[in-house]
Every structure is written in C-alpha cells, then in structure tokens.
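Scroll down for the structure; my scribbles are underneath it.
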Amino acid sequence: MAVFGIRTRFDENDTIFFCKLFPSGLSMEVNDYVATDAISISRRTNLQIYIVKVLSLLAEEAGINDQNLNLRVFTIANDVLDVEKFLAESLQRNPTSNVPRITTLQDISAQFSFNFSQLIAHELGDENVISILTPIYLLNTMYFTDAFEYLTNDNDPVFARKIHNYLRWRLVSTYIEDLSYNYVHAHRLYLNAYYGYALHTTNEAYCTREVVRRFPLAIQRLYIMNSTRYSNTATTIQTIFDSLKNGFKEYINQNAKWIVDDDTKNIAREKIDKLTVAIGYTAIASDDTLLDNYYQNFTVNDNSHLENAIYYHRFHRWSLSNSIRNPNMLDHWDYFETRTSRLFEYIPIFNRLFIITSGMNEPLVNSEWPWPVNIGSIGVLLAQKLFASIDGPEGK
C-alpha cells in the first residue's frame, strides 16, 4: 500500500477487533517536505541521494547501463519527491487526529472509487475475515480524499509517469530491509544522514533490533526464561497492586474531598472494583507449545533471505487476520505492543493496568526487599497509573 496503512484495533467493545486505515506514504516527517530551514532542505537532498543510490543498485543488478540512465534515475527521484510533497502538504492542512470516522468497506470504496475490499482481503491473507459491510476506522478523511483524487488523475502522461514512479518507489522502499546487504547499507547511510548521527554501529545491533521488532512474543519468552531472578516476583507485584487498589478505594471513600457528589464517587468506586491487572506478558509468551502454534505459519529457509522476507510478510498478513478472528488470543497484550518504550500502562478501554515483564526487576521491584522499599519504588509508579483510571482524559 502506497498512501495508507492498515492496523487492527479494539472498539469500545473489548472483544471485537476492527481494521484501522491511517495516512502513510511519506519517507520523512511532514515538516521536512514543506519547511525552508537548513535541516529540512538537507533532509530533502539526502532523500534524493538515497533514492538515486537505490535505483542505481537496481539498475546495476539488472545490467542496465545506457547513457540516459542517470537522467532517468534523477527523474524518478524528483517525481517521488513531488508526489510525497503533495501528500505532506495535505497532512499539513489536515492534521490527523485520534478521532476516527467509522465507515464500511462498501462506503469508502464508493467514495474513493477504489476496491478497498479486494486490497484489504489480500493484506489480511483471508478474504473470509471481512465483507463489504465490515466496519472500518478511517483516520483523516480529508487526507484520503486528497490522496485518491491526486493518484487517480492520470490523464496527463507526465503526471501519470510521476504516479507510476512514486508507486514503484514505495514498493521498493517498503521492502528495502529485506533486500541484499547493499540496499540495507544504503538505507543505514540515509538514516544516519537524516538524523545527523549513526543509528546502527554494527550488523549485530541491526539484526538484534529487527528480530525484537518482528518477533516480540518469542523475545518475551526468552526474557521470561532468563531474566526474572525471583520466581515469586509476579506474586509480589500482584500483592502491591491489590494493596494499592484497596487503599485507593479507601481514599475515595474517606479523603477525596475534590469529588463533590455521591454519583461521581459511586462511579469511581465501581470502576476501581472492576479494575484488573495483567502482569508479565501474554500467556503465549510463557508456554512453548502455545508459542510454537502461534509461529507455525512462519517458515524459515536457511539458504534464502528473500524467501524468508516473503514468508514473514505472509505471517504478518496471517497475524492481522488472526487478530480479527480471535481478538482475545493475546490477552490484549498486542494492544500494548505499540507502547514498547513503557514498562507499564493503564489502558482505559480494558480498565486494566499492564505491567510488562521487563519492569519486574531491580531497581523497581525485588521480592526479597522489605515491603516499604517495593511500595516506595514500583508502588509509587503504579499508584500514579491507578489514579489515571479515574482522573484525567484516560480515566474518563
């Protein structure tokens, strides 16, 4: 997909997954296309250099070396920048909010004159998961309107060439890290130039990052097996949570002077009573048999990197469709995976506090510490999240 991406998400009903379509299609941040400061200009130049390098590698592999090659390569790079600048200007005019428009595949296919049903069925790998009446969360309707009007207006041969070159580039750039080393290296150099410092110091660091990104459940299994020092750490955290929950309810009953009416207090008490906690990670990451079953659709070939890239793409398609068919398979931890930099979080839609395995270690908690020490470390942090369950935008 060139101009939009697909994710799955829960509705207000925490047993149903929906497809969410969101703006995509840019190689850089919006401001990098429209701003005139030195950094933005430099980033546009570096993107052009990167596109030229990748296209030159493709031409070399294909044995293309005529006198007009450089002209064609630079033409493609400029076409890509022109199209991406248009999309960036649309996003600048119409910033994406967190409030989606709820529609159906049938309606958006008619609105944008594009067969979304066929495309999404392909992306999910199972056409039986959806129908034309499947609800869709559409983020930024104005962007989709601009993008599809722009991309389907191909009557002008020059304009049609730009669209064609842009779509080809999006295909290549999407799978750049699944190509041979020369392409991966070119991508690294571009990222280094974009950010102004090296992001990857070694091949080992790069490979480690990619494995963690692509196989979070397997990595969590290894983490659970090898890093939790004390087997009763989860029990300690559960005890802390129960104590905080009871204390929080007592506080609401006796000391919450800022809650002025009984109805609000009753709602707060009810929400606290129903508040749950998920400690560690999804059950799949703690059971080798369940984990093997989850990854059984992913085949690994020892001799072909390209085949493995294709297999992973198919596995990713399966995981999307599977999340729609079996929304509770991962105990909602898949919802938490988008918050990879956080050790714990309160998720309002589930009224649940998630405490990830990597947060169950020193200096936050130790089952052999005295009770006041654990309360003063991880207890304080969890108390802040518990308070968010009834106060602030997350707790509404």
Worksheet item: Counting only residues that are at pLDDT 85 or above and acidic (Asp, Glu), which one in region 140-192 is nearest to residue 28 (Cα to Cα)?
Response: 146
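Only one of 267, 252 is more than 32 Å from the chain's Cα centre (by Cα), modelled with pLDDT of 75 or more and over 17 Å from residue 383 (Cβ atoms). Can you tell me which?
Step by step, each of 267, 252 is checked, and only 267 is more than 32 Å from the chain's Cα centre (by Cα), modelled with pLDDT of 75 or more and over 17 Å from residue 383 (Cβ atoms).
For residue 261, are the conditions met, namely being modelled with pLDDT under 85, in the same structural domain as residue 351 (by TED's automatic domain parsing) and more than 22 Å from residue 385 (Cβ to Cβ)? Spell out how you get there, then give the answer.
Values: modelled with pLDDT under 85: yes; in the same structural domain as residue 351 (by TED's automatic domain parsing): yes; more than 22 Å from residue 385 (Cβ to Cβ): yes.
When the stated conditions are applied, residue 261 passes them.
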Worksheet item: Which condition number in (1) at pLDDT 80 or above; (2) out of contact with any Phe, Trp or Tyr (no Cβ under 6 Å at 6 or more places or on another chain); (3) among the small types (Gly, Ala, Ser) is the one that residue 367 fails?
Response: (2)
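Of all residues being aliphatic (A, V, I, L, M) and exposed (fewer than 13 other Cβ atoms within 10 Å of the Cβ) in region 208-249, which is modelled with the lowest pLDDT? Just the residue, please. Please lay out each step first, then the result.
Here is the first cut: in region 208-249, the residues aliphatic (A, V, I, L, M) are 211-212, 217-219, 222, 224-225, 234, 237, 240, 244.
Okay, now just the ones that are also exposed (fewer than 13 other Cβ atoms within 10 Å of the Cβ), so 211, 222, 225.
Numbers: 211: 79, 222: 77, 225: 72.
Looking at the filtered set, the residue picked out is 225.
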Worksheet entry | Residue that is in contact (Cβ under 8 Å) with a residue 60 or more places away in the chain, farther than 17 Å from residue 172 by Cα and over 25 Å from the mean Cα position of the chain (by Cα), where the choices are 82, 66 | 82
Discussion item. Would you confirm whether or not region 110-122 contains a residue that is in contact with a strand residue (DSSP E or B) (Cβ under 9 Å, 6 or more places away or on another chain) and buried (at least 17 other Cβ atoms within 10 Å of the Cβ)?
Written reply: yes
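Can you list the helices (runs of 4 or more DSSP H) lying wholly within region 99-206 that have 1 or more residues being in contact with a Pro (Cβ under 8 Å, 6 or more places away or on another chain), in the same structural domain as residue 52 (by TED's automatic domain parsing) and closer than 24 Å to residue 88 by Cβ? Full working, then the answer.
On the way: elements: 105-112, 116-124, 141-151, 157-174, 181-195.
Qualifying helices (runs of 4 or more DSSP H): 141-151.
Going through region 257-313 one residue at a time, which ones are part of a loop (DSSP other than H, G, I, E, B) and in contact with a Leu (Cβ under 9 Å, 6 or more places away or on another chain)? Before the answer, list the steps.
Here is the first cut: in region 257-313, the ones part of a loop (DSSP other than H, G, I, E, B) are 257-261, 275, 281-282, 287, 295-304.
Listed by number, the residues that qualify are 275, 281, 282, 295.
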Fill in: Meets criteria (closer than 23 Å to residue 169 by Cβ and either touching a Cys at 6+ places or on another chain (Cβ under 8 Å) or assigned to a loop (DSSP other than H, G, I, E, B) (or both)) for residue 75
no
Worksheet entry | Single residue of region 154-197 satisfying the filter (in contact (Cβ under 8 Å) with a residue 12 or more places away in the chain, farther than 14 Å from residue 78 by Cα and hydroxyl-bearing (Ser, Thr, Tyr)) that is surrounded by the fewest Cβ atoms within 10 Å (Cβ to Cβ) | 180
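Residues 389, 304, 341, 358: which one is modelled with pLDDT under 80, within 30 Å of residue 122 (Cα to Cα) and not assigned by TED's automatic domain parsing to the domain that holds residue 172? Talk me through it step by step, then tell me what you get.
Numbers: 389 fails: within 30 Å of residue 122 (Cα to Cα); 341 fails: within 30 Å of residue 122 (Cα to Cα); 358 fails: within 30 Å of residue 122 (Cα to Cα).
One residue alone meets the criteria, 304.
The values are calculated or read from the model by the stated rules, or taken from the named source; none is laboratory data. The structure displayed is predicted, hence computed values, not measured ones. Counting neighbours? That spans all protein chains shown, and the Cβs are built from the backbone with ideal geometry, glycine included.
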